[in-house]
1. Taking the conditions exactly as written (touching a residue at least 24 places away in the same chain (Cβ under 8 Å), open to solvent by 10 Å² or more (accessible area, probe 1.4 Å) and in a strand (DSSP E or B)), does LEU98 satisfy them or not?
2. Among residues belonging to the range 77-95 that are in a loop (DSSP other than H, G, I, E, B) and of a type outside the set (Val, Ile, Thr), point out the one that is most open to solvent (accessible area, probe 1.4 Å).
3. How many residues does the range 7-54 hold that are out of contact with any helix residue (DSSP H, G or I) (no Cβ under 8 Å at 6 or more places or on another chain) and among the charged types (D, E, K, R)?
4. For TYR122, state whether it is open to solvent by 40 Å² or more (accessible area, probe 1.4 Å), in contact (Cβ under 8 Å) with a residue 60 or more places away in the chain and at negative phi.
5. Output the residues belonging to the range 142-174 that are open to solvent by 10 Å² or more (accessible area, probe 1.4 Å), β-branched (Val, Ile, Thr) and within 25 Å of LEU194 (Cα to Cα).
6. Just to be sure, is ARG207 among the charged types (D, E, K, R), modelled with pLDDT under 95 and either open to solvent by 10 Å² or more (accessible area, probe 1.4 Å) or in contact with a Leu (Cβ under 9 Å, 6 or more places away or on another chain) (or both)?
7. Which one of the conditions (1) crowded, with 20+ Cβ neighbours inside 10 Å; (2) farther than 22 Å from THR257 by Cα; (3) in contact with a Ser or Thr (Cβ under 9 Å, 6 or more places away or on another chain); (4) not acidic (Asp, Glu) does TRP64 fail to meet, given that it meets all the rest?
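The values are calculated or read from the model by the stated rules, or taken from the named source; none is laboratory data. Since this is a predicted model, take the numbers as computed values, not measurements. Cβ sites come from the backbone with ideal geometry, for glycine too, and all protein chains shown count toward neighbours. Only protein heavy atoms, including side chains, enter the accessible area calculation; ligands, DNA and RNA are left aside. Shrake-Rupley method; radii C 1.70, N 1.55, O 1.52, S 1.80 Å.
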Amino acid sequence: MDSLIKPFTPSKAAFGRHETFALRYGWLTKGFQALQENSGVFNSDASTVTLGVGKNMVNAIRYWLRATQMIEVTDDGLQATELGTAIFAEEGGWDPYLEDEATLWLVHWMLATNSELATAWYWFFNCFHKAEFNNEEAANDLAAFVSENLTGKHSERTVKHDINVILKMYCQAKQGAKVEMEDILDAPLASLKLVTASKHTHYYQCRNTAHDSLPIAIIAFAVNEVFNQRKVSVLPIADLMYGDKFGVAVGGVFKLTEGELLAKLEHVVEAYPALFNINETAGINQLYRQQNDISSLPFLRDYFENKDKATS
């Protein structure tokens with residue numbers, strides 16, 4: 001079973017394709033459903049009228065849909081992916097209007113594991129390990145990573161600006177700060193509390209913690225994606241926490257402590273005992289998957305189709 005994770009490839013990277021616009025509430029829904037009605041909407045002269053935004057925003061919406069893998073480029077043009085249809089279909093979609101925080105966690109995972117189209121997001125959550133930093137430090141570190149590890153030419157200014165967009169998307173406004181409604185709409189992922197701004201300085205914090213709002217089904221989806229990407233049946237939990245070189249780190253993407261990741265993995269085993277189990281071998285905790293080639297989508301289906309039963 002193929003994984004949706006886009007592994008790091010030095011010759012494949014993208015920066016600045018969002019036209020400087022951070023992802024906004026409603027854009028994925030609006031863009032996806034417009035594409036369903038008209039497969040050529042993003043190339044249409046009427047796209048600005050259909051989507052109700054300017055031309056640069058049309059390009060940004062298309063980019064965010066592709067970066068989150070809700071749509072993809074095919075020989076026949078842009079088309080919805082299976083994941084996009086499952087979430088955003090106007091009829092039968094599990095959460096077309098992003099009303100469930102689980103969908104925001106999923107969107108975040110899709111960005112942070114897409115090293116090809118969302119390279120800065122991949123780097124920030126898998127490779128950048130500073131718990132406290134300012135904008136300039138993060139931007140310089142990203143530029144150094146690009147210079148040392150990527151092939152091809154990438155504008156340093158464009159690369160660094162991606163840090164501004166990341167912080168705008170993930171960071172909640174400081175308490176007491178005057179916040180425009182447009183800024184709130186620019187930051188749907190801020191509710192995940194993965195990045196926070198210091199109250200009295202220009203520094204940001206990105207520390208590992210518990211994240212109680214992160215559903216076990218999203219962890220199961222993510223872990224299964226790593227199994228599929230690596231094509232293995234066992235993974236050391238340390239690998240899931242920190243990743244291998246340039247690999248995806250589940251603990252890093254979701255900013256979990258070692259203890260919290262282990263606790264969530266134990267809940268995954270409880271929820272899916274026929275699929276996963278944890279064993280210690282030679283002092284190393286490892287997660288085993290007991291079946292090969294498992295699709296990740298059923299974990300999401302299980303969550304969305306049963307969440308009302310769980311709370312009733």
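1. No.
2. My answer is GLU91.
3. 3
4. Spelling it out, it is not the case that TYR122 is open to solvent by 40 Å² or more (accessible area, probe 1.4 Å), in contact (Cβ under 8 Å) with a residue 60 or more places away in the chain and at negative phi.
5. Matches in the range 142-174: VAL146, THR158.
6. Yes, satisfied.
7. With respect to (1) crowded, with 20+ Cβ neighbours inside 10 Å; (2) farther than 22 Å from THR257 by Cα; (3) in contact with a Ser or Thr (Cβ under 9 Å, 6 or more places away or on another chain); (4) not acidic (Asp, Glu), TRP64 is out only on (3).
Residues checked against (1) of a type outside the set (Val, Ile, Thr); (2) open to solvent by less than 60 Å² (accessible area, probe 1.4 Å); (3) farther than 20 Å from MET110 by Cα:
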| site | (1), (2), (3) |
| --- | --- |
| ASP2 | yes, no, no |
| THR9 | no, yes, no |
| ARG17 | yes, no, no |
| THR20 | no, no, no |
| ARG24 | yes, yes, no |
| GLY31 | yes, yes, no |
| GLN36 | yes, no, yes |
| SER39 | yes, no, yes |
| THR50 | no, no, yes |
